[in-house]
Amino acid sequence: MKLQDPREGEIIHIRKRPAAFSFFPTYHGATREGLHSTMFATQPWNIIRHELERISDPNAQRQALAFSNQARDFFTAAQSSEVNAAKPLLLYYSFLNLAKCLIVKKLGTALGTVRHGLSEKLPITQGAIHGHVSIDITQNPGVSAFAMFANAINAILPVPAAGNTHIQMRSQDFLGQILIGHRVFSHAEGLIERFISVERLEYMHAPAAKEAWIRARAYADDFTRLGYPMAGLSKNLSDAQIWRNVKCEHTIDGRRIIEAEMTNAVAYSHRPSQSLEPLSKMTRSRLWRSVTAVPPYRKYYVYHASSTQFLMNQLLTMYLATYYFGSITRYKPEQFDFILRSPIGPFVFEFFANQPVQFLYLMASEFMGQEVAKAAIA
């Protein structure tokens, strides 16, 4: 199919510098939008605590700070624990309490009874390593930590079949959506990788028309090496907003670049900065990101989903995987030892070596409404 020319426009600049793509690009100033900078922290826990201290309701604040203290203690204890001992369970309770902190912050009121909202089921077939997690969607969402966490981060959950209140999610489906260690997991499972890095995301606009959109660029050979069509870039970005591949003549170090852009632009009344937040909200559901210690401090990816997969929010997937392994560790530690010796064992070690800190920084960003990255101290 012949590609169309890209929409005429230019990169959005704010105060003479290009506006870097972010999940949290702007803040609301007294008279206009301000452009966020990355917040650097060696201890994101302190940033989270500061945000919780701003909760106006005293009961909610006390509860959130207590949850935060527990989350931090569990996290610290997990760092000195072995993967095949208590680390998965300790990290799950850290994540659970951290999620409850965010829920309280978003609600502004203290929580009552809270349940996991999840139950893990291991396979009964001899030698099988994959089970599933049952997720409470509609039975008791008001007391489900998982459902309330999803609501706090504006993440969509799957809809149960008619007559059901829960959905069953196979472990291979949510583990396959874990970014860090994905190549190791895919190799172990004999699967083609599904994450593809995005070389660049840029806010664009047409000043005369006062319309803005996002342009995405990726390396063509990242698609061809995996056997995916070039149109996969726009397809994998499309959700509430539809994208299209367009002509691109650019190369980087001799590598061909493919380009996609939003089909429909967003209108703004005065300044292009007014469009940044809504543009990011339209895009974030189809982007995964890793926290890095070097500029631009975030690396973005798209996921090439199968026709039957439900794409879970990145934070929810990390939370779900930690719950799954933590539950196995608690109730059937011998089964967890078996998983560690299985082909996906190296992935599990990789997961617990790197994902906890990634989760912590991504959560700190949610609390701040601003990107938080690890300070690079020589």
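The numbers here are math on the coordinates, done by the rules we state, and not lab data. From a predicted model like this one, the values you see are computed outputs, not experimental measurements. For neighbour counting, all protein chains shown are included, and Cβ atoms are generated from backbone atoms with ideal geometry for every residue, glycine included.
Things worth noting here:
- Relative to the current alpha-carbon distance between residue 162 and residue 134, full extension at 0.36 nm per residue lengthens the span by 8.5 nm.
- Mean shadow area of region 69-116 over all directions, Cα convex hull, nm²: 3.6 nm²
- Point-charge dipole on Cβ atoms (K/R +1, D/E -1) for region 20-104, about Cα centre, debye to 20: 40 debye
- Remark: the residue 8-residue 66 segment gains 15.6 nm on full extension, using 0.36 nm per residue and subtracting the alpha carbon distance.
- Cα-centre dipole for the chain with unit charges at Cβ (Lys and Arg positive, Asp and Glu negative), debye to 20: 440 debye
- Spin-label zone in region 161-205 - amide nitrogen under 13 Å from a point set 7 Å from the Cα of residue 225 along the C-beta vector: 183, 193-198
- Taking 7 Å steps out from each Cα toward its Cβ at residue 73 and residue 271 produces label points 4.6 nm apart.
- Net charge of Cβ neighbours under 11 Å - reference residue 296; Lys, Arg +1; Asp, Glu -1: +3
- Semi-axis lengths, largest first, of the ellipsoid equivalent to region 182-269 are 29, 15, 10 Å, with √(5λ) applied to each eigenvalue of the Cα gyration tensor.
- Helix-only arithmetic for the chain: the sum of -39500 (n - 2.57) across DSSP H runs with n ≥ 4, divided by the residue total, places the mean residue ellipticity at 222 nm at -11500 deg cm²/dmol.
- Cross-link reach list, lysines versus residue 247, counting only Cα pairs under 17 Å and skipping chain neighbours closer than eight places: 2, 235
- Partner lysines for residue 105 [C-alpha distance under 22 Å; skip if fewer than 8 residues away on the same chain]: 281
- For residue 14, distant residues with modelled amide H under 5 Å away: 19
- Taking only the Cα atoms of the chain, the ratio Rg/Rh comes out at 0.97, with Rh defined as the Kirkwood radius.
- Remark: region 133-241 is approximated by an ellipsoid whose semi-axes, taken from the C-alpha gyration tensor as √(5λ), come to 32, 24, 12 Å, largest first.
- For region 267-313, the calculated P(r) over all alpha carbon pairs, in 10 Å bins from 0 to the bin holding the longest distance, is 20, 36, 31, 12, 1 percent.
- In order through region 88-101: 3J(HN,Hα) via Karplus (6.51 cos²θ - 1.76 cosθ + 1.60), integer Hz, x for Gly, Pro: x, 5, 4, 5, 4, 5, 5, 5, 4, 5, 5, 4, 5, 4
- P(r) tail for region 112-167: Cα pairs beyond 12 Å make up 68% of the total.
- Legend: calculated FRET efficiency, residue 332 to residue 110, from the Cβ-Cβ distance at R0 = 25 Å, rounded to 0.05, equals 0.15.
- Compactness of region 14-167 - radius of gyration and Dmax, Cα, Å: 19.3, 65
- Lys, Arg +1 and Asp, Glu -1 on Cβ, resulting dipole of region 72-188 about Cα centre, debye, nearest 20: 220 debye
- Diagonalising the gyration tensor over the Cα atoms of region 205-353 and scaling each eigenvalue by 5 before taking the square root yields semi-axes of 37, 20, 15 Å, largest first.
- Region 337-351 and region 247-319 have Cα centres separated by 31 Å.
- Set of aspartates and glutamates near residue 87 by C-alpha distance (under 18 Å), chain-local residues within fewer than 8 positions excluded: 73, 120, 334, 337, 350
- Protection proxy ranking, peptides 154-164, 175-185, 3-13, 64-74, average beta carbon neighbours within 10 Å, highest first: 175-185, 64-74, 3-13, 154-164
- Extension gain for residue 124 to residue 341 (0.36 nm times residue separation, less C-alpha to C-alpha distance): 76.3 nm.
- The H on the amide N of residue 243, modeled in the peptide plane, is under 5 Å from the matching H of 238, 263, each at least 5 residues off or on a different chain.
- Relative contact order (%) - criterion: Cα under 8 Å, at least six apart; region: the chain: 24 percent
- Here the simple spin-label model places points 7 Å from the Cα toward Cβ, and for residue 292 and residue 239 these points are separated by 2.2 nm.
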